[in-house]
Amino acid sequence: MRVAQVKEFGGPEVLVPAELPDPVAGPDEVVIAVDHIDTLFVQTQIRAGAFGEYFDVAPPYVPGGGVSGTVVSTGAEVDPAQWSGRRVIAAVEPGSYASLAAVPVDHLVPVPDGLGLREAAALIHDSVTALALLDLTALKAGETVLITGASGGMGTLLVQLARSRGARVVGVARGREKLALVLELGAHEVVDAALPDWPRRAAEALGGGADVVLDGVGGAVGAAAFPLTAPGGRFSAHGAPTGDFAAVLPEEAARRSITVLGIADVQIPPARRVALAARALEEAASGRLRTVVGAVYPLERAGEAHAVIEGRGVVGKVLLSV
């Protein structure tokens with residue numbers, strides 16, 4: 001099978017095409033002929049050698065993530081009548097940057113009719129985390145939510161899902177094109193993170209503070225977003241494309257009775273991941289949830305895709321195609 005493999009830790013150029021033996025389905029597995037591959041910013045950070053304390057990978061390795069595709073073979077304990085030829089998505093750890101993937105059958109999520117495999121791939125991880133975050137923070141109608149990184153793969157989903165819950169949505173993004181998209185997706189107000197006084201502008205747009213702050217950026221942006229949380233509100237520091245999660249002083253959070261959530265709070269077991277992904281796919285198939293795919297690169301050009309992701313110029317998701 002064809003793969004994109006990290007030959008050593010480093011820049012995007014270390015992610016190169018390679019050939020590996022085709023996988024064989026274990027007793028409770030299927031093999032998927034991969035159509036599209038989900039990419040995540042954290043994959044670029046792992047490739048560069050970061051987060052070694054959290055991810056036990058050593059070159060050469062094939063990055064793990066998620067795939068969409070068609071089931072082409074089944075293991076001895078899997079009903080071929082139910083799964084052979086079926087369009088599915090699945091999280092794959094490790095080895096998703098590949099033309100074939102062996103996956104446990106209980107990790108599969110069928111793709112509904114009317115939804116393309118490209119669009120389905122864009123929902124594998126981001127929609128699951130987005131739905132889990134909204135459940136975790138218990139965002140409800142009439143509340144105000146601030147979303148940083150609102151034009152990214154998960155941010156675009158959070159904007160729509162929060163709006164569908166009846167919340168008032170303020171999105172933070174960078175640049176005219178991204179801000180226009182966030183408004184189009186349903187945000188009530190947008191704030192340009194490129195402006196030095198963006199926290200002041202966000203406070204004005206919020207009318208004071210946010211009941212919920214969903215920070216997918218981290219670093220200085222996340223640190224500036226935390227004070228925008230209203231007393232008694234909820235602050236989620238789940239993103240770190242800047243290199244660090246938002247730093248929050250526990251005593252300050254306690255003083256203002258703010259519930260602080262981190263990436264550990266959205267580590268979701270497989271069965272719940274499948275349920276949340278199925279929910280998202282149904283929303284997308286019905287037209288209630290729009291996926292935003294900014295760029296698609298062939299598997300052989302995965303290194304270029306990583307460079308584009310790191311450049312932060314693309315709106316929405318970057319996918320790989322097989």
All but one of (1) assigned to a loop (DSSP other than H, G, I, E, B); (2) surrounded by 15 or more Cβ atoms within 10 Å (Cβ to Cβ); (3) out of contact with any helix residue (DSSP H, G or I) (no Cβ under 9 Å at 6 or more places or on another chain) hold for V31, so report the exception by its number.
(1)
Could you say whether any residue in segment 202-220 is over 23 Å from L40 (Cα atoms), surrounded by fewer than 17 Cβ atoms within 10 Å (Cβ to Cβ), of a type in the set (G, A, S) and out of contact with any Asp or Glu (no Cβ under 9 Å at 6 or more places or on another chain)?
yes
Could you tell me which of the residues P21, P59 is modelled with pLDDT of 95 or more, over 25 Å from G153 (Cα atoms) and in contact with a strand residue (DSSP E or B) (Cβ under 6 Å, 6 or more places away or on another chain)?
P59
Considering residues of segment 71-98 that are touching a helix residue (DSSP H, G or I) at 6+ places or on another chain (Cβ under 7 Å) and part of a loop (DSSP other than H, G, I, E, B) only, the residue farthest from P60 (Cα to Cα)
V78
Picking from T39, T137, which residue would you name as being at pLDDT 95 or above, surrounded by fewer than 24 Cβ atoms within 10 Å (Cβ to Cβ) and in contact with a Lys or Arg (Cβ under 9 Å, 6 or more places away or on another chain)?
T137
Would you confirm whether any residue within segment 295-317 is buried (at least 21 other Cβ atoms within 10 Å of the Cβ), more than 15 Å from the chain's Cα centre (by Cα) and farther than 24 Å from T242 by Cα?
no
Collect the residues in segment 221-240 that are in a strand (DSSP E or B) and more than 20 Å from Q45 (Cβ to Cβ), keeping them in residue-number order.
T229, A230, P231, G232, G233, R234, F235
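The values are calculated or read from the model by the stated rules, or taken from the named source; none is laboratory data. Worth saying up front: this structure is predicted, and the values here are computed from it rather than measured. Glycine gets a Cβ as well: all are built from the backbone with ideal geometry, and neighbour counts include every protein chain shown.
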